[in-house]
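Values quoted throughout were computed directly from the atomic coordinates according to the rules given, and no laboratory measurement underlies them. All values reported here derive from a predicted model rather than from experimental measurement. Every residue, glycine among them, receives a Cβ derived from its backbone with ideal geometry; neighbour counts consider all protein chains shown.
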Amino acid sequence: MTIAEHETPASATAEDTTTVTTMTMAAALNRALADALAADPDVVVFGEDVGALGGVFRITDGLTARFGEDRCFDTPLAESGIIGTAVGMAMNGMRPVVEMQFDAFALPAFEQIVSHVAKLGNRTRGGMRMPLVIRIPFGGGIGGVEHHCDSSEAYYAHTPGLTVVSPSTPQDAYSLLRAAIASPDPVVLLEPKKLYWSKGEVDTAVTAEIGSARIARDGTDVTLLAYGASVPLALEAAEVAAGEGRSVQVVDVRSLSPFDDETVTAAVRSTGRAVVIAEAPGFASVASEIQARVFERCFEYLEAPVRRVTGFDTPYAPPKFEHWYLPDVDRVLDAIDTLHWEDDA
Amino acid sequence: MHPHDMLPRDTAVRLIAEDGTTLADETYALPAADVLLAAYRGLVEGRRINDQAGALVRQGRLAVYPSSHGQEACQVAAAMVLGDTDWLFPTYRDSVAVIARGVAPAEAMVLLKGDWHSGYDVRAHRVAPQATPLATQLLHAVGFAQAAKHRGEDTVVLALCGDGATSEGDFHEAMNFAAVFHVPVVFFVQNNEFAISVPLSRQTAAPSLAHKAVGYGMPGQRVDGNDVAAVLAVLTEAVDRARAGGGPSLVEAHTYRMQAHTNADDDTRYREREEVQAWLARDPLLRLRAHLTATGVLDEEAEERFAAGAEEIAAAMRTALNTDADLDPEDLFRFVTATRSPQREEQWQLLRDEIERSRPAETTTGGPR
């Protein structure tokens, strides 16, 4: 396993009662798991290398030491087995939180996720709910080799029954993971690998409502719609555009399914222009879905077609191609420039 | 446990021969007469359920029915060996086991009728929803047992699958997880020789499916799946071991699917009639009847009583399946998630409007559009 150098999050070996701290997203996720394990004896954490090692990204660091092997444990190396047994545990009243080491590694478990995790509540007419959380380190930007940097959100968001969320700040990482664990429905939590070591303030008393988008920056000329690692990119592009005289609003979509049409629609109507930004290949993507929804709801308010800035329709790029593949500030600014501005020549 | 002790026998365990005579076994005792009589009643009912379901398919009342005709001994034994706190994880072919566990026949048929994806209260009967994808439910059974063990609950889980399922990755992962975590699960493979049209020889090159157990570190045993006494004895031993903390095990029953995979399948394309005919002599029902009659346990009065009981079940099935369920279109949206998303609510409003608008037309024309 090759991953980029990173700092280890504050270990969850001891109970931490403070509510507001500056920490990395990795530490926020670790704290959320520790707080959930402490709060509810039905919560269990398991996956590959999550025990003694604390996870390849150290998100589960210290949990086995603090809560014991019954509560945080390593499984045989088998993703379908991890999700399939989590389904059985959830059927029997537990709240499993499982880690899929890297996004593409979740694919052997795809049948369990789509055919069972997503459907059991429906099949049993609510007689059995699936209160399980599937944590997936998600996306690129860390120089990972093949199968370590995919963006598979469209597969999950396309599946009725699954809730799909992705945080872009340590605060949201904490609050969304706590909300996901508390949810009676199965949640796929996409953790942007690139942001694991980004820092921010986390108030553990702040709760998140799954299904709500967040206005990350106010602006009046154009709305950038992004999620996960694309949110900091959007904010950076907004800052540069501001220097060029454009007032750019940034919406962190945050919840891919269910989707917050209300916030997004109001935002785009207020500016009349929109660009959707995501790392995943653009064809048949979540970015396409957002674009379509915005067109349907905001057509009469739009000054220009809604644009997408996405990854290319290629397999995720090898590390040395990554800078060509990933959306960057220039690509976002170029997209903004095409939005039929009155000052266009 | 020494690897040798995990290996199944070279031949399947048998306690009652085809002619009804008993076969002595040094390990497995013949179940008591009252247990065998109860099993016989189950076989009579199971056969009647299979026959009735087949008729209902031909009448168009069931969309599809995967028959377990010939496999009733496995079905009945699977339900009989479980206690009140135990759970059964069945497949689509295990309707008779589901009914034998106490689910009303009409509720067990909901999936196959097309009214919903599962028709019974899973918790009331401790029967998981019937699984259609192969081997996926074995992992659910393992996780379920793992949770029970974690909480110190007295629960043994019996997970059913067929020979085809043993080729799936999830079969391997379930066996491996169960053994590594030492959970109270019994895997019960009904080897009926065919996965739709593909014979066992194309599923495995192993000496038997039960031999797979040793590779995972659990005992395996083979049993004559048409000998309900033997199936009861072998499964009971496995369930008792699991309950006592002895971990998982694998039981392979050698049986035969007497009919096609489902009504949609033509089994004359992949097997000879002579082969099917030969299995008639091993019929589980006739075998036990011969034994119980010879030993004086079964008399004409009991035979008539069981037949009448089976007929009642069949009549209830007919009545239930000839009645169109009152379908509520909102059910499409009601159970997808605990909290309905705004998107699904919007779609329900769309459907509701469509239904509302279609009503006047129905009134004037006297029928649906």
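With a 10 Å Cβ neighbour count serving as the proxy for reagent exposure, in which order, fewest first, do A:Y301, B:Y40 appear?
Arranged by neighbour count, lowest to highest, A:Y301, B:Y40 become A:Y301, B:Y40.
Which whole number gives the average count of other chain Cβ atoms within 10 Å of the Cβ atoms across peptide A:117-125?
6
Can you run phi through the Karplus equation (6.51, -1.76, 1.60; θ = phi - 60°) for region B:173-178 and list ³J(HN,Hα) in whole Hz, with x for Gly and Pro?
5, 5, 4, 5, 4, 4
Can you compute the helix-only [θ] at 222 nm over the protein assembly as shown? Use -39500 (n - 2.57) per DSSP H run of at least 4 residues, normalise by all residues, nearest 500 deg cm²/dmol.
Dividing the helical sum by the residues of the protein assembly as shown leaves -12000 deg cm²/dmol.
If we sort B:167-179, B:67-79 on the protection proxy, mean other Cβ atoms within 10 Å, highest first, what's the order?
B:67-79, B:167-179
Taking amide H atoms as placed 1.01 Å from N in the peptide plane, list the residues 5 or more away in sequence, or in a different chain, whose amide H sits under 5 Å from that of A:V276.
A:L225, A:R307, A:R308, A:V309
Using modelled backbone amide H atoms (1.01 Å from N, in-plane), which distant-in-sequence or interchain residues come within less than 5 Å of A:G282's amide H?
HN-HN under 5 Å from A:G282: A:G311, A:D313.
Give, as a single signed number, the net charge of other residues whose beta carbon lies under 12 Å from the beta carbon of B:V234, with Lys and Arg counted +1 and Asp and Glu -1.
-2
Which percent, nearest 5, of DSSP beta bridges in region A:204-290 are antiparallel?
Just about 25 percent of them are antiparallel.
Taking the alpha-carbon centroid of each part, what is the distance from region A:245-303 to region B:121-155 in angstrom?
The two parts, judged by their Cα centres, are 42 Å apart.
I'd like the Karplus ³J(HN,Hα) series for region A:299-316: coefficients 6.51, -1.76, 1.60, θ = phi - 60°, whole numbers in Hz, and an x wherever there's a Gly or Pro.
3, 6, 9, 8, 8, 7, x, 6, 9, 10, 10, 9, x, 7, 7, 10, x, 3
Would you tell me the mean number of C-beta atoms belonging to other protein chains that fall within 10 Å of each C-beta in A:127-135, as a whole number?
What the average comes to for A:127-135 is 2.
Rounded to the nearest Å, what's the spacing between the alpha carbon centres of region A:14-78 and region B:248-296? Just the number, please.
Distance between centres, Cα-based: 52 Å.
Per residue of region B:36-53, what does 6.51 cos²θ - 1.76 cosθ + 1.60 with θ = phi - 60° give for ³J(HN,Hα)? Whole Hz please, x for Gly and Pro, Karplus curve as stated.
For region B:36-53, the Karplus-derived couplings read 5, 5, 4, 5, 4, 4, x, 5, 4, 5, x, 4, 5, 4, 4, 5, 5, 4 Hz, x marking Gly and Pro.
Provide a whole-number value for the mean count of partner chain Cβ atoms within 10 Å of the Cβ atoms in peptide A:93-99.
2
With 30 Å as the limit, write out which pairs from A:K119/B:K149; A:K193/B:K212; A:K119/A:K320; B:K149/B:K212; A:K119/B:K113 have Cα-Cα distances beyond it, or answer none.
Result: A:K193/B:K212; A:K119/A:K320 exceed 30 Å.
If you count the DSSP beta bridges with both ends in chain A, what percent of them are antiparallel, to the nearest 5?
25
Looking at region A:283-345, which GluC sites (Glu not before Pro) are DSSP coil and have at most 10 other C-beta atoms within 10 Å of their C-beta?
Loop-located and lightly packed - A:E342.
Where the centre of each part is set by its Cα atoms, how far does region A:130-196 sit from region A:199-229, in angstrom?
Taking the Cα centre of each part, region A:130-196 and region A:199-229 sit 15 Å apart.
I'd like the antiparallel share, as a percent to the nearest 5, of DSSP beta bridges with both residues in the protein assembly as shown.
Of the beta bridges lying entirely in the protein assembly as shown, close to 20 percent run antiparallel.
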